[in-house]
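Reading through the structure tokens given below for one structure.
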Amino acid sequence: MPGISRLSFESFRMIVARDVARPESLHRASTLILGAGFSVPLVPTVDQMVRSDIARWLHEAESVPATDKPPIEDFQRALWKSVLEHQKLDSELRFEIDPASGLPAATSPSNFWNAYRAVMSDGCPHGLHTLHLRREYFRSLIRAIGKRMNGAHLYLAALAAEQPRFCRTIFTTNFDPLLQRALQLADRAYMISDRPEVLETPDDDTGGAIHLIYTHGTAARYRMLNSKEEIDSAADKNGPLLVHYLKTHPVIVMGWGGAEDALMRALLAVPQFDCGLYWCGTAPDPTAVGALSPEAKQLLSHTRGTHYVHIVSADQTMADLYRAVTGHAFPRLLREPIEVVMDQISGLELDGVRLRREALTPPRPPGGGGGTASSEEQSLTEIRDDVLRRLKLAAEAFGRVDATTPPPVSIALSAFAQATDRYWAEDWEQALTLFTSAIEATPGLPAAERATAMFRRAYASGQTGKPDEAIADYSAVLAMPDAPAEQRAMALVNRGFTYGQTGK
């Protein structure tokens, strides 16, 4: 067997950085192939699934009282004994059991892969033998992720957003939505192909969007590829469609064991990789037993233009590549989190939405407070601009390192914004509390916001049967020399109206 070409991580990192910087005529965006290892530790890998997670899920799903369930260790042994018995007639799915544990043996990635396909096969009586069971199992894994995200996805999305020339196509055998969530977080456009039965072949004309190709489908779709029959069928159909694209683009493999499927068949059919294939793996020696699947070893040892790169983890690798390409140690989301939010909010076009309180609202029943003699209107654009102004102040405060510096006026403005939300929602009691906090905060609100806060606290007081407090606040607005003229005029009208309601 010819030897496997090994490339140091430092050389690999330099190649990626230089490729991105090349002139357009010499540049080809990388194509990534990502496996379960890219989602570690949020999603179990194939070996973790077959040695623990699938049995645990089936054990919990047993519709018998907990006291009648066998211990999980006994359940696991019985499960894999049953799966092995069922697959004895299928030599392609033959896998070994560890006599000591009763679980699939850790002899090679292929042994785990065969066990995985076996337990997912149609008709395997004690396994995930129906599409419904398989789909529910993977959806349970996604629910367990919650809002978490690992470093590999965070850095990949940041790199794709800050240097769009890095990659345009990502193949993944994973079912989880982490790629989509990460790209959304980085504000990077993408398109999805997640129906392997009608694979949309990749090209470079995606309008600037990254093409995410889920080669086994996703848990959000009705159909996923898990069983041997499903995977083989898709491999026969889709494998040949990918060969030319993979041959003519730089290919980076990460977190993938290289089990036989459509992707692996396509890779093996490439006569040589014109722009290089870089297989990133955590095994120090790719030739060691269990380091790679037989198919991956065959690819790396027989195909020109392939290299093996030893890495510590997908998380660390993406962080290092990001730094090499962008010159930054961490993504903009962590460098400038407030500015990221400001960019998103500044794009909101809200002129068509206005909040309005009609003039001369009829008096409420006794004890329910009165109305107002003036109308008040506010556009959502004003709310947006106020939020952006407060975020700018917050960004300035965020950049300070002196903890003894007095808190900024943004604290008062934050209370003012929360009170405004409650005010327009007619949650009068909460609005009163929050407007009071904003008015009494130190340092105080700017004059315009202070006048607005006192006017609205007066209105809320009137709505909650406190006319004297309302009159006091309207009077305070009138006494403010720097209150906007419009606000003073509204306060004058409303104070007179409130006096009239009280009979004064």
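Odds and ends about this structure:
- Residue within segment 91-113 that is of a type in the set (A, V, I, L, M), assigned by TED's automatic domain parsing to the domain that holds THR326 and surrounded by fewer than 20 Cβ atoms within 10 Å (Cβ to Cβ) present: no
- Per the listing THR502, THR498, the residue uniquely modelled with pLDDT under 90, over 24 Å from ARG390 (Cα atoms) and of a type in the set (Ser, Thr, Tyr) is THR502.
- When GLU62 is tested against (1) in contact with a strand residue (DSSP E or B) (Cβ under 6 Å, 6 or more places away or on another chain); (2) surrounded by fewer than 17 Cβ atoms within 10 Å (Cβ to Cβ), just one condition goes unmet, and that condition is (1).
- Some residue of segment 75-87 being within 33 Å of the chain's Cα centre (by Cα), modelled with pLDDT under 95 and not in a helix (DSSP H, G or I): no
- Unique residue being over 25 Å from ARG354 (Cβ atoms) and aromatic (Phe, Trp, Tyr) when the list is TYR423, TYR499, TYR459, TYR474: TYR499
- Selection from segment 309-327 of residues that are out of contact with any Phe, Trp or Tyr (no Cβ under 7 Å at 6 or more places or on another chain) and outside any helix (DSSP H, G or I): VAL312, SER313, GLY327
- Just one of the listed residues (ALA21, ALA17) is aliphatic (A, V, I, L, M) and surrounded by fewer than 16 Cβ atoms within 10 Å (Cβ to Cβ), and it is ALA21.
- Subset of segment 466-486 [farther than 16 Å from GLY444 by Cβ and either hydrophobic (A, V, I, L, M, F, W, C) or surrounded by 16 or more Cβ atoms within 10 Å (Cβ to Cβ) (or both)]: LYS466, PRO467, GLU469, ALA470, ILE471, ALA472, TYR474, LEU478, ALA485
Each row is one residue, and each column tells you yes or no for (1) at pLDDT below 90; (2) closer than 21 Å to VAL16 by Cα; (3) in contact with a His (Cβ under 9 Å, 6 or more places away or on another chain); (4) surrounded by fewer than 19 Cβ atoms within 10 Å (Cβ to Cβ).
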site: TYR278; (1), (2), (3), (4): no, yes, yes, no
site: GLY290; (1), (2), (3), (4): yes, no, no, yes
site: SER301; (1), (2), (3), (4): no, no, no, yes
site: ARG304; (1), (2), (3), (4): no, yes, no, yes
site: GLU358; (1), (2), (3), (4): yes, no, no, yes
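- Qualifying residue in segment 2-22 (condition: among the hydroxyl-bearing types (Ser, Thr, Tyr) and in contact with a helix residue (DSSP H, G or I) (Cβ under 8 Å, 6 or more places away or on another chain)): yes
- Filter result for ASP19 (modelled with pLDDT of 90 or more, more than 27 Å from ARG134 (Cα to Cα) and either part of a loop (DSSP other than H, G, I, E, B) or within 36 Å of the chain's Cα centre (by Cα) (or both)): yes
- Residue in segment 386-403 that is modelled with pLDDT under 80, among the β-branched types (Val, Ile, Thr) and over 28 Å from ALA425 (Cα atoms) present: yes
- Single residue of ILE338, ILE311, ILE345 found to be at pLDDT 90 or above and surrounded by 18 or more Cβ atoms within 10 Å (Cβ to Cβ): ILE311
- The condition of being farther than 20 Å from TYR278 by Cα, modelled with pLDDT of 95 or more and not aromatic (Phe, Trp, Tyr) holds for ASP53.
- Taken as a whole, the structure places PHE12 among residues that are in a helix (DSSP H, G or I), aromatic (Phe, Trp, Tyr) and under 30 Å from SER301 (Cα atoms).
- Residue-level check: of (1) closer than 28 Å to TYR190 by Cα; (2) surrounded by fewer than 17 Cβ atoms within 10 Å (Cβ to Cβ); (3) aliphatic (A, V, I, L, M), ALA157 misses just (2).
- Of the helices (runs of 4 or more DSSP H) contained entirely in segment 128-241, those carrying at least 1 residues that are farther than 30 Å from HIS328 by Cβ and either modelled with pLDDT of 95 or more or not charged (D, E, K, R) (or both) fall at 131-145.
- In segment 480-504, the residues that are in contact (Cβ under 8 Å) with a residue 24 or more places away in the chain and within 48 Å of the chain's Cα centre (by Cα): ASP482, ALA483, PRO484, GLN487, ARG488, MET490, ALA491
- Residues (among the hydroxyl-bearing types (Ser, Thr, Tyr) and in a helix (DSSP H, G or I)) located in segment 404-458: SER410, SER414, THR420, TYR423, THR433, THR436, SER437, THR452
The values are calculated or read from the model by the stated rules, or taken from the named source; none is laboratory data. Since this is a predicted model, take the numbers as computed values, not measurements. When we count neighbours, we look across all protein chains shown, and the Cβ atoms used for this are built from the backbone with ideal geometry, even at glycine.
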